[in-house]
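Scroll down for the structure; my scribbles are underneath it.
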Ligand code: GLY
Ligand code: MN
Ligand code: MN
C-alpha cells in the first residue's frame with residue numbers, strides 16, 4: 001500500500017479530532033509462546049491503519065496543528081547487535097523518511113517526552129482497556145501534567161475512545177483497501193479450489209488444511225486471517241471447529257471456512273462439498289436450501305438497505321426450505337416469528353470485514369440497524385447444521401453441517417462479490433472435483 005494512503009488516513013482522523021487534541025496509539029505487544037520463543041507478530045489494526053508501520057515496541061502520536069509536526073513516531077533505534085539476532089529495524093531516520101513521521105524518537109524516551117506533548121491539550125483520544133500496562137502509563141503522564149498546573153499549563157479534561165472515531169473511518173474501504181481485499185479473496189478462492197481438487201476419502205482434515213496454507217503461502221500470505229475450520233461430517237456442525245484432526249469419510253460433507261490475510265486485510269470464505277466429490281440426494285437438497293438463502297441475502301446487499309435485510313432474507317429462505325422438506329411444520333410467518341429455525345441456523349448471516357475478520361464498525365446507529373453504504377464490506381454466510389439425534393428430524397439428515405460464505409462489497413449500484421471466483425453451485429463443485437474444470 002502506498003505511503004500517501006496512510007497519510008490520508010491520519011489527515012482524516014485529525015480533521016475529526018480537531019485542534020486541542022492528542023491521539024496516542026501503542027503498537028501490539030509481542031506474545032510469548034514459551035521461554036524465548038514468540039508467536040508471529042501481527043500489528044494492531046488501528047495502529048497499522050494509521051502508520052503502515054509493523055514493528056513492535058512503537059507508539060504513534062497524532063497532534064492536529066502541532067507546529068513542529070503532527071505525526072510523531074516512537075520506535076526502536078537501529079542497533080546492529082540486536083538486528084543481527086532478531087532482524088532489521090527501521091530506526092528513527094527511516095521512520096521519518098519512509099514512514100512519513102514529522103518527528104521520530106527512541107521508544108525509551110516515551111516517559112520523558114509524552115507529558116510535554118499532553119500539556120495544554122483539552123482531549124486525549126485513546127483506546128482504553130486493551131493494554132492495561134499502557135493504560136497505566138497514559139494515566140501517569142496525564143497526572144504529571146496535572147501536577148504542573150500551578151505553573152500555568154493545563155491538563156486534558158476529556159478522554160475519548162479513539163476507536164469510536166477511527167472505526168467509522170475503517171468501516172468505509174478506500175480503493176486501495178478494496179484492491180487488497182479482492183486480492184486476499186482471490187488467493188483464498190484458489191485455496192478452496194485446491195482443497196476441492198485434493199480431497200479424497202481417508203485423508204485427514206489437517207491434510208486439507210495443509211493444502212489451503214500451501215496456496216496462501218505460495219501467494220505471499222504468510223498467515224490466514226483466522227484459524228482455518230476444516231470439519232468433515234459431524235464436525236461441520238461445530239461452528240468454531242479448529243481441531244482439524246479427524247479422517248474424512250466417504251459419504252460425508254466437508255465444511256471449510258478459511259481465508260487468507262493479504263497486506264493485513266482479511267478474506268473469509270466458507271465452502272461445503274462432498275468428500276467423495278458427489279453430493280448425495282439429501283446433501284444436495286440441504287445444500288441448495290442454504291445456497292438459495294445465501295443468494296437471497298446477497299441480493300439484499302444494496303446501498304440504502306438495512307444491515308439486517310440480508311439476515312431476514314436468509315432466515316426466510318432457510319425456514320421455507322426446512323418447511324418444504326418436513327423438518328419444520330406450520331405456517332411460514334409464525335415459524336419465522338417464533339425462530340423455529342434456530343436449532344438448525346443459530347448464528348447471524350454476516351459481519352463487517354476488513355483488516356480484522358470480524359471488523360470494526362457499529363451495526364446499529366441510534367438504536368436502529370444502520371443503512372448499507374458504498375465502500376462497506378460484509379460477509380454473507382448462512383448455514384444449516386443438523387446434528388446427530390436432532391429431535392424429530394429423520395436420520396437421513398443428521399450430521400450435516402453446511403455453510404456458504406462470501407465477501408461482499410456494497411457498491412453505488414448494488415454489490416460486488418469479492419470472493420466470486422470460489423465455486424459454489426452443486427454442478428460447479430462436482431465438475432471441479434471430477435477434474436473436469
Ligand atoms: N470465520 C469466522 C467467521 O466466519 O465469522
Ligand atoms: Mn468464515
Ligand atoms: Mn465470517
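A few points about this structure:
- Relative contact order, percent, the stretch 289-393 [alpha-carbon distance under 8 Å, six or more residues apart]: 33
- Geometric extent, Cα atoms of the chain - Rg, Dmax (angstrom): 25.0, 81
- A viscosity of 1.567 mPa s and a temperature of 4 °C, combined with the Kirkwood radius over C-alpha pairs in the Stokes-Einstein formula, give the stretch 210-317 a diffusion coefficient of 83 µm²/s.
- Helix-only [θ]222 nm of the chain, DSSP H runs n ≥ 4, -39500 (n - 2.57) each, per residue, nearest 500: -11000 deg cm²/dmol
- Segments 371-383, 164-176 sorted - mean Cβ within 10 Å per residue, highest first: 371-383, 164-176
- Neighbour-count ranking [beta-carbon atoms within 10 angstrom, fewest first] of 257, 111, 135, 406: 111, 135, 257, 406
- Relative to the dominant Cα principal axis of the chain, helix 309-324 is inclined by about 20°.
- In the elastic network of the chain, a GNM with C-alpha springs shorter than 10 Å, the most mobile of 161, 419, 28 is 161.
- In the elastic network of the chain, a GNM with C-alpha springs shorter than 10 Å, the most mobile of 220, 392, 52 is 392.
- Considering all different alpha carbon pairs of the stretch 305-372, the Kirkwood hydrodynamic radius works out to 13.5 Å.
- Solvent-free Debye calculation, one equal scatterer per alpha-carbon of the stretch 139-204: log10 I(q)/I(0) at 0.14, 0.19, 0.24, 0.25 Å⁻¹ equals -0.71, -0.86, -1.01, -1.04.
- Angle of helix 132-146 to the longest C-alpha principal axis of the chain, folded into 0 to 90 degrees and rounded to 10: 30°.
- Protection proxy ranking of 142-149, 319-326 - average other beta-carbon atoms within 10 Å, highest first: 319-326, 142-149
- The protection proxy used here, the mean number of other Cβ atoms lying within 10 Å of each residue, ranks peptides 84-94, 40-50 as follows, highest first: 40-50, 84-94.
- Normalising the average separation of contacting C-alpha pairs (under 8 angstrom, six or more residues apart) by the number of residues puts the relative contact order of the stretch 61-172 at 22 percent.
- Taking 388, 405, 261 in turn, the Gaussian network model of the chain (Cα-Cα springs below 10 Å) assigns the largest fluctuation to 388.
- Taking only alpha carbon atoms, the stretch 301-437 gives an Rg to Rh ratio of 1.01, where Rh is the Kirkwood radius.
- Compactness check for the stretch 1-136: Cα Rg over 2.2 N^0.38 Å is 1.06.
- Gap separating the Cα centres of the stretch 70-106 and the stretch 1-48, nearest whole Å: 14
- Column: log10 I(q)/I(0), Debye, Cα scatterers of the stretch 336-402, q = 0.16, 0.22, 0.29 Å⁻¹: -0.73, -0.98, -1.28
- Normalised by the number of residues in the chain, the mean separation of alpha-carbon contacts (under 8 Å, six or more apart) gives a relative contact order of 13 percent.
- Taking each residue as 0.36 nm, the span from residue 431 to residue 30 lengthens on full extension beyond its C-alpha to C-alpha distance by 139.8 nm.
- Here the label points at residue 331 and residue 417, each 7 Å from Cα along the C-beta direction, are separated by 3.4 nm in the simple model.
- The long axis of helix 205-218 is offset from the longest Cα principal axis of the chain by roughly 50 degrees.
- Based on the reciprocal of the average 1/r between different C-alpha atoms, the Kirkwood radius for the stretch 174-267 equals 13.4 Å.
- Cα-derived Rg over Rh, computed across the stretch 261-354 with Rh taken as Kirkwood radius: 1.02
- DSSP beta bridges in the chain [antiparallel fraction, %, rounded to 5]: 80
- Relative counts (whole %) of C-alpha pair distances in the stretch 58-168, using bins that are 5 Å wide: 2, 10, 18, 21, 20, 15, 8, 4, 2, 0
Read the figures in this text as sums done on the coordinates, not as results from a lab. Owing to the predicted nature of the structure, the values given are computational and were not obtained by experimental measurement. Because the Cβ atoms are built from the backbone with ideal geometry, glycine has one as well, and the counts that use them run over all protein chains shown.
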